[in-house]
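Enquirer: Got a structure for you, written out below as structure tokens; questions coming shortly.
The values are calculated or read from the model by the stated rules, or taken from the named source; none is laboratory data. All values derive from a computational prediction rather than experimental measurement. Because the Cβ atoms are built from the backbone with ideal geometry, glycine has one as well, and the counts that use them run over all protein chains shown.
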Amino acid sequence: MKTLFLAFALVRMSSAAFAVEDSKPEIKSATPFVLFVGEKTKVTIFGDNLNPTEVMCSNPKVTVKMLGAKATEGMDKPKGGRVVELELTSPSDLGPDTLELSLKNMTGEPAKRKFALIQHVGTEVPLKKPSGRFQDAMAITAPITVVGNLADGQPAVLKFEAKAGERFKLSGLAGRSGSTLDMILRVLNSRHITLAIDAGNMKTDRVVDFKAPSTGWFYIEITSEEMKGDPKNDFRLTIQRINN
């Protein structure tokens, strides 16, 4: 009888050990999804089985400080079972880059997440909702950075005023920082005719160099190749004036 009990206990212990090893860490979301050159950035990561004993950045010049890790509560539970808070500091001598953060538990493979290292440009504002139709377009003035999400699968439409001959640089960041958004970036005139567009490799930034052909209002439309809603459809749009 004792032998049978011992065998049963060993089986239970082996099953528990296997379950721990099989519980791979998973990152479901990270906020923000960018780091800023020369600044400290507090990052909040949600996921499952996140009990990191070691956190590393692909660029050793970026320092990582663990602020805490705990089980999620209340409204955060759908985001994952665990939340990890980090503080990342980038020196000012680094240029724009794509970084990878690794969170490693005591055993097993690490969970990884890409972040874009960028420069701060202009005022940073959230995307106004609703903004999926031209009549709801969010008015902006360069220089500015708009941070948004196409979780509902609807486009984001913005508008800006320009004088004939003025030049602007539009930069769209998505896939390079781990977003699932395959961005299409367009500039349209007041008649909703496309004047400039950039699309292509999901992992590269979208860049449009636009020169206003006339004085008036112009639209910026951000869409996806497949227009599927996804909570990870994050993007950042930066618009700057360029001296002629």
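Enquirer: Report, by residue number, each residue of region 23-45 that is β-branched (Val, Ile, Thr) and under 14 Å from the mean Cα position of the chain (by Cα). Steps first, answer last, please.
Expert: Let us first name the residues in region 23-45 that are β-branched (Val, Ile, Thr), namely 27, 31, 34, 37, 41, 43-45.
Answer for region 23-45, where residues must be β-branched (Val, Ile, Thr) and under 14 Å from the mean Cα position of the chain (by Cα): ILE27, THR31, VAL34, THR41, VAL43, THR44, ILE45.
Enquirer: Does PHE115 meet the test of being in contact with a helix residue (DSSP H, G or I) (Cβ under 9 Å, 6 or more places away or on another chain), in contact (Cβ under 8 Å) with a residue 12 or more places away in the chain and among the aromatic types (Phe, Trp, Tyr)? Full working, then the answer.
Expert: On the way: in contact with a helix residue (DSSP H, G or I) (Cβ under 9 Å, 6 or more places away or on another chain): yes; in contact (Cβ under 8 Å) with a residue 12 or more places away in the chain: yes; among the aromatic types (Phe, Trp, Tyr): yes.
Spelling it out, PHE115 is indeed in contact with a helix residue (DSSP H, G or I) (Cβ under 9 Å, 6 or more places away or on another chain), in contact (Cβ under 8 Å) with a residue 12 or more places away in the chain and among the aromatic types (Phe, Trp, Tyr).
Enquirer: In addition: Look through MET202, MET227 and report the one residue that is in contact (Cβ under 8 Å) with a residue 40 or more places away in the chain, under 28 Å from LYS79 (Cα atoms), within 24 Å of the chain's Cα centre (by Cα) and in a loop (DSSP other than H, G, I, E, B).
Expert: Details: MET202 fails: in contact (Cβ under 8 Å) with a residue 40 or more places away in the chain.
Matching residue, one of MET202, MET227: MET227.
Enquirer: I'd like the full set of residues that are touching a strand residue (DSSP E or B) at 6+ places or on another chain (Cβ under 8 Å), hydrophobic (A, V, I, L, M, F, W, C) and more than 20 Å from GLN135 (Cα to Cα), limited to region 158-183.
Expert: Result: PHE168, LEU170, LEU173, ALA174, LEU181, MET183.
Enquirer: Could you count how many residues in region 144-160 are charged (D, E, K, R) and either modelled with pLDDT of 90 or more or in contact with a Leu (Cβ under 6 Å, 6 or more places away or on another chain) (or both)? Give the steps one after another, and end with the answer.
Expert: Going through region 144-160, the residues charged (D, E, K, R) turn out to be 152, 159.
Pick out the ones that are also either modelled with pLDDT of 90 or more or in contact with a Leu (Cβ under 6 Å, 6 or more places away or on another chain) (or both) and you get 159.
Total satisfying the criteria: 1.
Enquirer: Examine region 44-55 for a residue that is out of contact with any Lys or Arg (no Cβ under 9 Å at 6 or more places or on another chain) and closer than 18 Å to PHE235 by Cα, and state whether such a residue exists.
Expert: As a first pass, look at region 44-55 and keep what is out of contact with any Lys or Arg (no Cβ under 9 Å at 6 or more places or on another chain): 44.
Filter once more, keeping what is closer than 18 Å to PHE235 by Cα: 44.
Yes, some residue in region 44-55 is out of contact with any Lys or Arg (no Cβ under 9 Å at 6 or more places or on another chain) and closer than 18 Å to PHE235 by Cα.
Enquirer: Could you please find all residues in region 46-75 being among the charged types (D, E, K, R) and in contact (Cβ under 8 Å) with a residue 40 or more places away in the chain? Step through it out loud before you land on a result.
Expert: The first filter runs over region 46-75 and keeps only residues among the charged types (D, E, K, R), leaving 48, 54, 61, 65, 70, 73.
Scanning region 46-75 gives a single hit, GLU54.
Enquirer: I'm told ASP182 meets every condition in (1) within 30 Å of ALA69 (Cβ to Cβ); (2) at pLDDT below 95 except one. Can you identify the failing condition by its number?
Expert: All conditions pass for ASP182, except number (1).
Enquirer: Strands (runs of 3 or more DSSP E) wholly in region 73-118 with at least 1 residues that are more than 18 Å from SER23 (Cα to Cα) and at pLDDT below 95 - which ones?
Expert: Numbers: elements: 82-89, 97-104, 111-118.
Per the criteria, 97-104, 111-118.
Enquirer: How many residues does region 122-178 contain that are more than 28 Å from ASN243 (Cβ to Cβ), within 18 Å of the chain's Cα centre (by Cα) and polar (S, T, N, Q)?
Expert: Final tally of qualifying residues: 3.
Enquirer: Among the residues of region 217-236 satisfying the criterion of being modelled with pLDDT under 85 and over 19 Å from SER29 (Cα atoms), which is surrounded by the fewest Cβ atoms within 10 Å (Cβ to Cβ)?
Expert: Among them, the one singled out is GLU226.
Enquirer: From the list SER190, SER214, which residue is loosely packed, with under 12 Cβ neighbours inside 10 Å, part of a loop (DSSP other than H, G, I, E, B) and among the hydroxyl-bearing types (Ser, Thr, Tyr)? So that I can check it myself, show each step before the final result.
Expert: Values: SER190 fails: loosely packed, with under 12 Cβ neighbours inside 10 Å.
Within the list SER190, SER214, the selection yields SER214.
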